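Bear in mind that the values in this text are calculations on the coordinates, not laboratory data. Given the structure is predicted, the values throughout are model-derived calculations rather than measurements. Here the Cβ positions follow ideal geometry from the backbone for every residue, glycine too, while neighbour counts run over all protein chains shown.
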Amino acid sequence: MTLEPFGARLRRAMDERGPLCVGIDPHASLLSEWGLNDDVAGLERFSRTVVEAMADRVAVLKPQSAFFERFGSRGVAVLEKSVQEAREAGALVVMDAKRGDIGSTMAAYAESFLHKDAPLFSDALTVSPYLGYGSLSPAVALARESGTGLFVLALTSNPEGGEVQHAVRADGRDVGATMLAHLAAENAGEEPLGSFGAVVGATLGDLSSYDLGINGPLLAPGVGAQGATPADLPRVFGSALRNVVPNVSRGVLRHGPDVIALRDAAQRFADEIRVTLTAA
Ligand SMILES: O=c1ccn([C@@H]2O[C@H](COP(=O)(O)O)[C@@H](O)[C@H]2O)c(=O)[nH]1
């Protein structure tokens, strides 16, 4: 069965559930705070709890692959199960694996996450364009075919990102702006929303010098533990606010393991985001 394009599915989920994306980031420190061991059983309990608490209510869950890969094949098996359970419960899953390579290797990465029969099949994948935007074309092609999406690292939330992303090219545009322009071209004419998103940190302050109107989603990490708040979003995203998917990981997860406390924490962020969007 062919899926409806990711952008359309995401728009609907955002309209129905609000735009919040909760991260599944099983940091060793969080496992310990939750009273779990830093082992595969602890990982599984953590991830299952987040899926149980969130998957039937938030638009997007974003597992951070690194924290699962840390445990080798058994950790990846937990990741597979979590993705499947989250999707079955109604959340869209954005796999945060930040893959990027060339040619057939990039194609293999894309197949690992975006092919409908892949064990880790996800609704979208984060990718790094820093081997050149064109190196992502196998992933773009497969995403179009399978109804999935990509989130391309454009302007990341970390302070070190500027060294690469603010570098100015011969045409006077910086690298981040160039990635946004590629995405706008990818999404041209798509309704109600294109499937090719950008990662743009909520921590970055006024971004009015960038054209964020890519007709695609803007995944905005940095709310919560990295210091950004929902109230910052209008200043950062301006008229692109309606397409922003704010991500909170530790800001929610630190309230576990109690399922109700996790839900309450996510609801507080969701409420603040809704108020901000309504006022903007
Ligand atoms: O620019 C980026 C891109 C990705 N991330 C990821 O998002 C979460 C943020 O977690 P918090 O606990 O809410 O800080 C994490 O998985 C990062 O790898 C990002 O922070 N910035």
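A cut-off of 5 Å between modelled amide H atoms, ignoring neighbours fewer than 5 places along the same chain, links Leu125 with Met95, Gly149, Leu150, Phe151. The distance separating the Cα centre of region 35-96 from that of region 147-197 comes to 27 Å. Close amide H pairs (under 5 Å, H built 1.01 Å from N) link Val245 with Leu218, Leu219, Ala220, residues at least 5 positions away or on another chain.
Compactness of region 176-266, taken as the C-alpha radius of gyration over 2.2 N^0.38 Å, stands at 1.20.
For region 8-22 and region 249-280, write down the distance between their C-alpha centroids in whole Å. Centre-to-centre (Cα) distance: 15 Å. Within region 94-132, the trypsin sites (Lys or Arg not before Pro) that combine a DSSP coil assignment with at most 15 other C-beta atoms in a 10 angstrom radius are Lys116. Here the contact order of the chain, divided by its residue count and restricted to Cα pairs under 8 Å and six or more residues apart, works out to 19 percent. Charge tally around Ala118: other residues with Cβ under 10 Å, Lys/Arg +1 each, Asp/Glu -1 each, net -2. Taken about its Cα centre, the chain carries a charge dipole of roughly 200 debye when the Cβ of each Lys and Arg holds +1 and the Cβ of each Asp and Glu holds -1. Each residue of region 120-129 is assigned a 3J(HN,Hα), and the resulting list reads 9, 3, 10, 6, 7, 9, 7, 9, 9, x Hz, derived from the Karplus form 6.51 cos²θ - 1.76 cosθ + 1.60 (θ = phi - 60°), x at Gly and Pro.
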